[in-house]
Amino acid sequence: MKAAFVLEGKDFPHIHDLDRLRDFLPEGWPVKKTHLSLTRMTGFVTVSRYPGDWPELTGADVSHALSVAHGICDSVGAEFGCCGVL
């Protein structure tokens, strides 16, 4: 999603809360409507990035996270294609 801010020429907040990051995107980005709740993904970002006493992720957790991540990449990537960037 941060790539969307770069394409728009806008600064992006340096946060890990993916719902808030999505909400900061300018209107018109489909990811704002197709991925309404990224709370679970924010948890995955935190668990995978920062050490701590986190519950172990299951295969289902990882599959879900990958599916959502691919969906976000596809949505943002499609907008880049529409702008002639990709």
Query raised in the report: For the Cα atoms of the chain, what angle does the longest principal axis make with the long axis of helix 39-49, in degrees from 0 to 90, nearest 10?
Result: 70 degrees
**Report entry** Selection from Ile72, Val45, Cys83, by position along the positive dipole direction of the chain (Cβ)
**Finding:** Cys83
Report task. Sum up the charges of everything whose Cβ sits under 10 Å from the Cβ of Trp29, counting Lys and Arg as +1 and Asp and Glu as -1, but leave Trp29 out. Result -> 0
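Return a whole-number percent for the relative contact order of the chain, with Cα pairs under 8 Å and 6 or more residues apart as the contact set.
Contact order relative to length: 33 percent.
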Query raised in the report: By how many degrees, between 0 and 90 and to the nearest 10, does the Cα long axis of helix 59-82 differ from the longest principal axis of the chain?
Result: 10 degrees
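Values in this text are rule-based calculations from the coordinates and carry no lab data. Remember, it's a predicted structure, so these values are computed and weren't measured experimentally. Please note: Cβ atoms are built from the backbone with ideal geometry, for glycine as well, and neighbour counts cover all protein chains shown.
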